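The values are calculated or read from the model by the stated rules, or taken from the named source; none is laboratory data. Since the model is a prediction, treat every value here as computed from it, not as a measurement. Quick reminder, even Gly has a Cβ in these numbers, built from the backbone with ideal geometry, and neighbours come from all protein chains shown.
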Amino acid sequence: MDDVTPNRLRAGACAWLLTLQFFVVETIAQLRYAAPYSRLDDVISDLGGSESPAAQLMNASFVLQAVLILAGALLLRPALRGTSGRVAPVLLELAAAGVLLVGVFPSDGNGAMHATGAVLHLLGGGLGLIALAYSLRPRSEALGTTLALLGLIGTAMTLFFIAGVTQYLGEGGTERAAAYVVPIGLAVAGVCLWRLNDAPGPPEGTAAMRAERARARAERAERKRERDGALETAAGRRAGAADPPEFQSDDRTGAESHPGDDADPWASPRRGRAD
């Protein structure tokens, strides 16, 4: 992340964190809805339809959501590495375009454009979180795993919603399982990127961190070699001290002398064996 400034990183992180505004506005719109409304049976788009007293507020939230997703993707693009780091912003930009269509074209206005935008947002958001997970996992395995799980859940629920497999969670519940993971995942990614950038030391996954790890491995290997060498030297000294000295031969008599011969004055000299 050498080429992204702290201010740019904070702005992008804040943009993704503010996507949580969707939950606040959705709750307000639901509370103002005149007819009975169930989050399991009724879809989110109903809150932006003509029958909703808070339709303008809900549709404005959709448009704001598009702006926040797009802003975060553009501002944080330099912080993402690898092929997945280039793919993730593109998918998230498609998700932003989709939710923009949802806000501009309500479901009871232009149904085709609204449905296209909804599918684009849900699929782009789920797949974007998966790509984002692969890009950020070298920096934080926990963050990468969390985003991958959210992305998989969102993508699977989107496919179930499109295919009409909604008998388990209901139509509204299945749609929300696909949609909710997007702001949650983006908010988590934004906060974690902000905190990782402020953490001391070289960020995990960068060239500086890889060089630091390589240097640490080399130092450990060198210490191990020195320790092994010291142990071998000590073992050799103990072995030399334990072995008895060899018999020594008297150059003048040809007799062999034992180590204790000099210490015993009464010992008789031993003659060497004749050739």
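When only residues in segment 161-179 that are out of contact with any Ser or Thr (no Cβ under 9 Å at 6 or more places or on another chain) and in contact (Cβ under 8 Å) with a residue 40 or more places away in the chain count, which is surrounded by the most Cβ atoms within 10 Å (Cβ to Cβ)? Checked segment 161-179; the qualifying residue surrounded by the most Cβ atoms within 10 Å (Cβ to Cβ) is R176. The residues of segment 136-160 include none that are surrounded by 24 or more Cβ atoms within 10 Å (Cβ to Cβ), in contact with a Lys or Arg (Cβ under 9 Å, 6 or more places away or on another chain) and not aliphatic (A, V, I, L, M). Any residue at all in segment 17-34 that's of a type in the set (F, W, Y), surrounded by 15 or more Cβ atoms within 10 Å (Cβ to Cβ), on the phi < 0 side of the Ramachandran plot and not in a helix (DSSP H, G or I)? So far as segment 17-34 goes, yes, one or more of its residues are of a type in the set (F, W, Y), surrounded by 15 or more Cβ atoms within 10 Å (Cβ to Cβ), on the phi < 0 side of the Ramachandran plot and not in a helix (DSSP H, G or I). Picking from residues in segment 46-69 that are polar (S, T, N, Q) and surrounded by fewer than 22 Cβ atoms within 10 Å (Cβ to Cβ), the one that is modelled with the lowest pLDDT is S50. Screening A214 on (1) assigned by TED's automatic domain parsing to the domain that holds S84; (2) modelled with pLDDT under 95; (3) not polar (S, T, N, Q) shows it passes everything except condition (1).
All told, D42 meets the bar of being outside any helix (DSSP H, G or I), in contact (Cβ under 8 Å) with a residue 24 or more places away in the chain and buried (at least 17 other Cβ atoms within 10 Å of the Cβ).
Count of segment 95-122 residues, restricted to those that are assigned to a helix (DSSP H, G or I), in contact with a Gly (Cβ under 9 Å, 6 or more places away or on another chain) and over 18 Å from F22 (Cα atoms), is 1. For segment 105-122, the criterion of being among the β-branched types (V, I, T), buried (at least 18 other Cβ atoms within 10 Å of the Cβ), assigned by TED's automatic domain parsing to the domain that holds R39 and touching a residue at least 12 places away in the same chain (Cβ under 8 Å) is satisfied by no residue at all.
You will find that of T155, T83, T145, T116, the residue that is among the polar types (S, T, N, Q) and closer than 12 Å to V182 by Cα is T155 and no other.
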